[in-house]
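Here's the structure, in structure tokens; my notes come after.
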Amino acid sequence: MPRSERSSLLLAGLLATAGAAHFAAPRQFDGIVPRALPGGPRAWTYASGAAELALAAGVALPRTRKAAALATAAFFVGVFPANVKMAVDWRRRPAPQRAVAFGRLPLQVPLVLWARGVAKSADSRA
């Protein structure tokens, strides 16, 4: 299997796992939904989980991979405020939890670049 295909499927797997987690354990996600968003946190938790599952399917399929990968990059940028909220809310927690919360912030950059790379690979294969 070519490296670009493997990378695409790994990204799809990450998205599918995260999306399923939003439904399996929604409470942990409810707490990081920014208060400025309208409606209840659970609706946003489920909506983002559904979006991740849809993106996973799109990235997994060669026909929709480029568009889905670009949408995934945008999604990763869009959920950044939730990661900021988590870091702010967890700033007084024990060091390991703080490290997780603050570590998620710079992690968004390689996730965005990964999704863009998958889109670029899909574009070059078309």
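The values are calculated or read from the model by the stated rules, or taken from the named source; none is laboratory data. Small disclaimer: the values here were computed from a predicted structure and weren't measured. With ideal geometry, Cβ positions are generated from the backbone for all residues, glycine too; neighbour counts draw on all protein chains shown. To get the accessible areas, we keep the full protein, side chains included, count just its heavy atoms, and leave off ligands, DNA and RNA. Shrake-Rupley method; radii C 1.70, N 1.55, O 1.52, S 1.80 Å.
Considering Ser4, Ser48, the condition of being hydroxyl-bearing (Ser, Thr, Tyr) and more than 19 Å from Leu113 (Cα to Cα) is satisfied by Ser48 alone. Being more than 22 Å from Trp114 (Cα to Cα), open to solvent by 60 Å² or more (accessible area, probe 1.4 Å), touching a helix residue (DSSP H, G or I) at 6+ places or on another chain (Cβ under 9 Å) and modelled with pLDDT under 95 is a condition met by at least one residue of segment 19-28.
Evaluate the following for Arg104: is it in a helix (DSSP H, G or I), open to solvent by 60 Å² or more (accessible area, probe 1.4 Å), modelled with pLDDT under 95 and basic (Lys, Arg)? Walk me through how you get there before you give the answer.
Values: in a helix (DSSP H, G or I): yes; open to solvent by 60 Å² or more (accessible area, probe 1.4 Å): yes; modelled with pLDDT under 95: yes; basic (Lys, Arg): yes.
Spelling it out, Arg104 is indeed in a helix (DSSP H, G or I), open to solvent by 60 Å² or more (accessible area, probe 1.4 Å), modelled with pLDDT under 95 and basic (Lys, Arg).
Looking only at segment 86-101, residues that are surrounded by fewer than 16 Cβ atoms within 10 Å (Cβ to Cβ) and small (Gly, Ala, Ser) come to 2 in all. Within segment 42-57, not a single residue is farther than 15 Å from Val79 by Cβ and part of a loop (DSSP other than H, G, I, E, B). Identify, by number, the condition in (1) closer than 29 Å to Ser124 by Cα; (2) open to solvent by 70 Å² or more (accessible area, probe 1.4 Å); (3) modelled with pLDDT of 95 or more that Met1 doesn't meet. Against the list (1) closer than 29 Å to Ser124 by Cα; (2) open to solvent by 70 Å² or more (accessible area, probe 1.4 Å); (3) modelled with pLDDT of 95 or more, Met1 comes up short only on (3).
Hey, any hits in segment 30-39 for a residue that's modelled with pLDDT of 95 or more and in a helix (DSSP H, G or I)? Within segment 30-39, one or more residues are modelled with pLDDT of 95 or more and in a helix (DSSP H, G or I). Within segment 8-34, the set of residues being touching a residue at least 40 places away in the same chain (Cβ under 8 Å) and in contact with a Phe, Trp or Tyr (Cβ under 7 Å, 6 or more places away or on another chain) comprises Leu11, Val33. Among the residues making up segment 35-79, those that are open to solvent by less than 60 Å² (accessible area, probe 1.4 Å), under 20 Å from Leu107 (Cβ atoms), among the hydrophobic types (A, V, I, L, M, F, W, C) and touching a residue at least 24 places away in the same chain (Cβ under 8 Å) are Ala51, Leu55, Ala56, Val59, Ala69, Ala73, Phe75, Phe76, Val79.
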